[in-house]
1. Tell me, how many Å apart are the Cα centres for the stretch 1-49 and for the stretch 88-112?
2. At 7 Å along Cα-to-Cβ for each site, give me the label-to-label distance between residue 90 and residue 4 in nm.
3. Please compute the modelled spin-label separation between residue 25 and residue 78, points set 7 Å along Cα→Cβ, answer in nm with one decimal.
Amino acid sequence: MNKVIGSFVCVSGLLLAFGVDVSTIIGGVTSFLIIGGAFYYLCRGKLPENFWLMVFGVFFGPILLASLIRALCRAIWNYLVSTLGIFAPLPLILGGLAVAFLAYLYVRPRISALLGDQDTQSFINERHPVLPPQQERGELVCIEQESDSSNESEDED
């Protein structure tokens, strides 16, 4: 559940940074989280783990993240405009293209494995059967010789 809360905070913080009003969504999720925590308390007799931290994170996290993103973008843009002038968007465009290319290199083998022929799929997490260790011929002969010698000694008695 913490991954869901963290991704909600990140997405809503990015939307707030770009000027989208998500305050009603934040309020709705916060109230849903509080109501869910109350039902959990009624059923279990205790609050969920890190409940108040999640409520605080959902309520204040997007606002703090949006203000941080806006401040960083403003500082970077002011620096680029003061140093590069009219070519200020160029490093941002080149950086975006580099990130997109690296993401493509990372994702391409996974996509091609999914879309390719079923016989040639090779996933990292694929399990291969583990065969039992095979005994060498010398060990088998030794075991047979020992059992033969014990049988011969019993026959002589």
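Each value in this text was obtained by applying a stated rule to the coordinates, not by laboratory testing. Not measured: the values here are computed from a predicted model. Neighbour counts run over all protein chains shown; Cβ positions are idealised from the backbone, glycine included.
1. Spelled out, the Cα-based centre of one part sits 32 Å from the other.
2. For the pair residue 90/residue 4, the computed spacing is 4.8 nm.
3. Using points 7 Å along Cα→Cβ, the separation is 3.0 nm.
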